[in-house]
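Structure record follows, encoded as structure tokens.
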Amino acid sequence: MNRYTMLFAPQVWKPNVSPALIKLLRPFRDRQRKRLIQIQNVEVEGASIVHERLENGEGVMIMPNHSNHADPYVIYSAADQVGTPLHVMATWHVFDDKSWLARWILTKHGCFSVDREANDIGAFRLATSILQEKREPLVIFPEGEIYHCNGRVTPFREGAAAIAVTAARKSKRPITCIPCAIRYSYVDDPTESLLATMSELESSIFWRPKTTEPLEKRIYDFAEALLMVKELEYLQTTQSGRLTERIASLREHILTRVESRNELDGSTKSIPERVKAARKTIMEKELAGNLNADQMQQLNHDMEDLFLVVQSFSYPGDYVDDHPSIDRMAETIDKFEEDVLQKTTATIKAERRVQVSFGEPVEVSSDRKVKSQTTTITTTIEHRVQEMLDQY
């Protein structure tokens, strides 16, 4: 996973959609998609669902799964086929490391920044106004992080649905949430490249590459070795039991200790929500100052621990075993490549194709008396995205 700089956003980037520029740059986007990420074709199902809602003048939020660094290219390729520009909410880190020209192009494509570690009221209000007033759909990835689990969604966060519900309460037009499933698969056989990367990974922990073993076994042996190292570091012993249970147990141990040190109670929240709350508290302490060297070092260690918690959350432990396939093995090796070999993004193993499916919309009620609508929308969209992924 990407190791983001854990600071509050240094500035805000706002969208300034230019349909003419977006149309002009479509050939460039297509060439970049084919050359850089080796995706020749993006097949779209349900484009009429989005088109019909836009023609009706509705405020449309598109809520896709987020399993791959290529998702921004893919969602815009799908939008090109629908025939619409987009507004896209993205973490401020996407803008921060870009040149002024790249930032300008991003804003012209409707991208705007959000500070995920803070209560970014500005981004929230901007997103609600887009749903209430703009013709272009708003795209928000409810998973938040890229987990490299294309066949299985991780729990959707409620922030996207909360924006839709807030927008609907004072909107003069209907607001609709549309589930979107993005599914990658290999056109060419990536096995040779996967075997080479697996050998590199094994060598990185001083193992002799297990070239005579099946790839699936090598993946699980490697995962167990990494887990044992972390168990010894944090528990001073190794655990027994299934890999899924051991990962969850270690993750809970680390997260609970961070919360205890920072006087937080996350017992009723999801792992991503607990991590977000802890990061926010730590960054606020750092900004407040008046810390001695030991206190600052402990906060730095806590932040590293939280990154490990998020990393472990992206490894369910049974992802390959649950549905053995070359695509799931490749995704797991991609994660190892980023986490162990510390590559910004995993190398592209072979040419891929992508299926983008838009599903049955969820209409957002403007009635304030409707309780728990945010949770209901989030759960419904998550289930519909998973159902569409399961069809492949």
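Of the residues Glu331, Glu338, Glu382, Glu387, only one is part of a helix (DSSP H, G or I) and at pLDDT below 95; which? So that I can check it myself, show each step before the final result.
Values: Glu331 fails: at pLDDT below 95; Glu382 fails: at pLDDT below 95; Glu387 fails: at pLDDT below 95.
Among Glu331, Glu338, Glu382, Glu387, only Glu338 is part of a helix (DSSP H, G or I) and at pLDDT below 95.
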Practice item. Using the structure shown, decide if Asp189 is under 25 Å from the mean Cα position of the chain (by Cα), charged (D, E, K, R), surrounded by fewer than 21 Cβ atoms within 10 Å (Cβ to Cβ) and farther than 24 Å from Val385 by Cα. Key: no
Point to revise | Any hit, the stretch 263-279, residues being closer than 30 Å to Tyr186 by Cβ and of a type outside the set (A, V, I, L, M) | key: yes
Revision key, fill the gap. Turns out the strands (runs of 3 or more DSSP E) fully within the stretch 16-127 with at least 2 residues that are touching a Cys at 6+ places or on another chain (Cβ under 7 Å) and either outside the structural domain of Tyr319 (by TED's automatic domain parsing) or β-branched (Val, Ile, Thr) (or both) are 59-64, 87-91
Check your understanding: Any idea which of Ile182, Ile175 is more than 23 Å from the chain's Cα centre (by Cα) and of a type in the set (Val, Ile, Thr)?
Key -> Ile175
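Applying the selection to the stretch 24-51, what residues are of a type in the set (D, E, K, R) and surrounded by 12 or more Cβ atoms within 10 Å (Cβ to Cβ)?
At the first step, the residues of the stretch 24-51 found to be of a type in the set (D, E, K, R) are 26, 29-31, 33-35, 43, 45.
Across the stretch 24-51, the qualifying residues are Arg26, Arg29, Asp30, Arg33, Lys34, Glu43, Glu45.
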Review point. Somewhere in the stretch 255-272, is a residue surrounded by 13 or more Cβ atoms within 10 Å (Cβ to Cβ), over 19 Å from Ala118 (Cβ atoms) and out of contact with any helix residue (DSSP H, G or I) (no Cβ under 8 Å at 6 or more places or on another chain)?
Key: yes
Exercise for review: Could you figure out which of (1) surrounded by 15 or more Cβ atoms within 10 Å (Cβ to Cβ); (2) in contact with a Pro (Cβ under 8 Å, 6 or more places away or on another chain) isn't true of Glu337?
Suggested key: (2)
Review point. Is it the case that Val139 is buried (at least 18 other Cβ atoms within 10 Å of the Cβ) and touching a Pro at 6+ places or on another chain (Cβ under 8 Å)?
Key: yes
Practice item. Can you confirm whether the stretch 187-203 contains a residue that is touching a strand residue (DSSP E or B) at 6+ places or on another chain (Cβ under 7 Å) and under 26 Å from Val44 (Cα atoms)? Key: yes
Revision key, fill the gap. Those residues of the stretch 198-242 that are within 18 Å of Ala330 (Cβ to Cβ), among the acidic types (Asp, Glu) and assigned to a helix (DSSP H, G or I) come to a total of 4
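Being assigned to a helix (DSSP H, G or I), crowded, with 19+ Cβ neighbours inside 10 Å and at pLDDT below 95: is that true of Ile282 here? Working first, answer last.
Working: assigned to a helix (DSSP H, G or I): yes; crowded, with 19+ Cβ neighbours inside 10 Å: yes; at pLDDT below 95: yes.
Taking the combined requirement at face value, the residue satisfies it.
Please work out if Val309 is within 21 Å of Phe141 (Cα to Cα), β-branched (Val, Ile, Thr) and surrounded by 19 or more Cβ atoms within 10 Å (Cβ to Cβ). Full working, then the answer.
Details: within 21 Å of Phe141 (Cα to Cα): yes; β-branched (Val, Ile, Thr): yes; surrounded by 19 or more Cβ atoms within 10 Å (Cβ to Cβ): yes.
It is true that Val309 is within 21 Å of Phe141 (Cα to Cα), β-branched (Val, Ile, Thr) and surrounded by 19 or more Cβ atoms within 10 Å (Cβ to Cβ).
The values are calculated or read from the model by the stated rules, or taken from the named source; none is laboratory data. A quick note: this is a predicted structure, and the numbers were derived from the prediction, not measured. FYI the Cβ positions are ideal-geometry reconstructions off the backbone, even for glycines, and counts take in every protein chain you see.
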